[in-house]
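One structure below.
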Amino acid sequence: MTLLSVLIASALIFDFLNGFHDSSNVVATVISSRAMRPRTALVMAAIAEFTAPFLFGVAVATTVGKEVIEPSAISPDVVLGAVCAAILWNLLTWWLGIPSSSSHALIGGLLGSSIVANGLGIIQIGGLIKVLIALLISPPLGLVTGFLLMRVLRYMLRNATPRVSTTFKRAQVFTALALSLSHGTNDAQKTMGVITMGLVASGFQQTFEVPLWVIAASASAIALGTSLGGWRLIRTLGGRIYKVRPIHGFTSQAASAAVIFTAALLGGPVSTTQVVGSAIMGTGAAERLSKVRWQVGREMVTTWLLTIPATAALSALLFLVLQRIFW
């Protein structure tokens, strides 16, 4: 019971940090383009993220909690090691101001502690492939979608006056809302999957079904984190890649929301950080390649590549420490 309580608390802390960390993804462009005030944008995003799991189901939670690691071989200390590793990685990358993937961190953590505890046979290859495909394909999709949408808009608006920027400023409220809903639909569910894994492993549930209180607690934690905002990362995504104008904010948010929503409804956990960052770069590149500070993109890619192996190694170490503490 003590171990399960620690697991649930740690999972909700991870969810809070996920919201705090990923608030940059949701509101960076709408703030940088001055379409919304920072506090208003964050509060709107938090409300949407709390509501999303109740509206769009828990397909991603089922994928994370049931289809990657063999459920019968999961124990609370395995899950706790994974969550703690993801928390530490999120804190490190937040402190450095580098947008990283909470999804990658959690998947890497689950793989590391599970393999140390039970060997490679615990991995469900089909589910892992599904997750990796979603994680790997979604960033290029975000870049391409942002690029194509921007090209279409530029062509359609080739004779427009500068007043069109006002229209895009207002439209960004709706795209920011859609992106917030997609983020809540995808990211909050990862914590729901982890907590439900712990409940099944501890014998409190016989089957993998996400309880209503888990949905409410996870949605509340990510919404609270989002409302407080990760300003270091907001500055990175909103200004360091290039100077964001209303049309860029509208286009990148629309492209990101489309990719994330599609993945969530199919049960594929994706990295909101990756998708939004890629969409911003694709939108800027559609005007001219030199507009984008590609060095920032390279830093993000390097972090993404390091996340799974780093959190896997860290969670394996934490699992061994937890075994000594609790057993």
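In this rough spin-label picture, where each label sits 7 Å from Cα along the Cβ direction, the Leu306-Gln124 distance is 3.2 nm.
Proximity of backbone amide H atoms, modeled 1.01 Å from N, is registered between Ile69 and Gln124 at under 5 Å, excluding neighbours fewer than 5 places apart on the same chain. Computed per residue of the chain from DSSP H runs no shorter than four, each worth -39500 (n - 2.57), the mean residue ellipticity at 222 nm is -26500 deg cm²/dmol. Taken along the Cα-to-beta-carbon direction at a fixed 7 Å, the label points for Arg151 and Arg34 span 3.2 nm. Paramagnetic label reach from Leu92 (point 7 Å along Cα→Cβ; backbone nitrogen cut-off under 15 Å): within the stretch 284-314, residues 302-314. The residue list Leu135, Ala171, Leu96 was ranked by how far each Cα lies along the charge dipole of the stretch 2-326 toward its positive end, using unit charges on Cβ atoms, and Ala171 comes out on top.
Taking only alpha carbon atoms, the chain gives an Rg to Rh ratio of 0.99, where Rh is the Kirkwood radius. Full extension of the segment from Leu289 to Leu266, taken as 0.36 nm per residue of separation minus the current Cα-Cα distance, would add 5.0 nm. The charge dipole of the chain, taken about its Cα centre with unit charges on the Cβ atoms of Lys, Arg (+1), Asp and Glu (-1) only, comes to about 1800 debye. Note on Lys190: aspartates and glutamates with a C-alpha under 17 Å away, same-chain residues under 8 apart excluded, are Asp15, Asp22, Glu49, Glu67, Glu70, Glu209.
Model label points for Val144 and Arg158, set 7 angstrom from Cα along the Cα-to-Cβ axis, are 2.5 nm apart. Gain on full extension, evaluated as 0.36 nm per residue between Leu228 and Ser72 minus their Cα-Cα distance, stands at 52.4 nm. Rank Val79, Ile115, Gly267 by how far each Cα sits towards the positive end of the charge dipole of the stretch 2-326 (+1 on Lys, Arg Cβ; -1 on Asp, Glu Cβ) and give me just the farthest. Farthest along the dipole direction, towards plus: Gly267.
Read-outs throughout are calculated quantities, based only on the coordinates presented, and are distinct from any laboratory measurement. Source: prediction; values computed, not measured. All Cβ positions, even for glycine, are placed from backbone atoms using ideal geometry, and neighbour counts span all protein chains on display.
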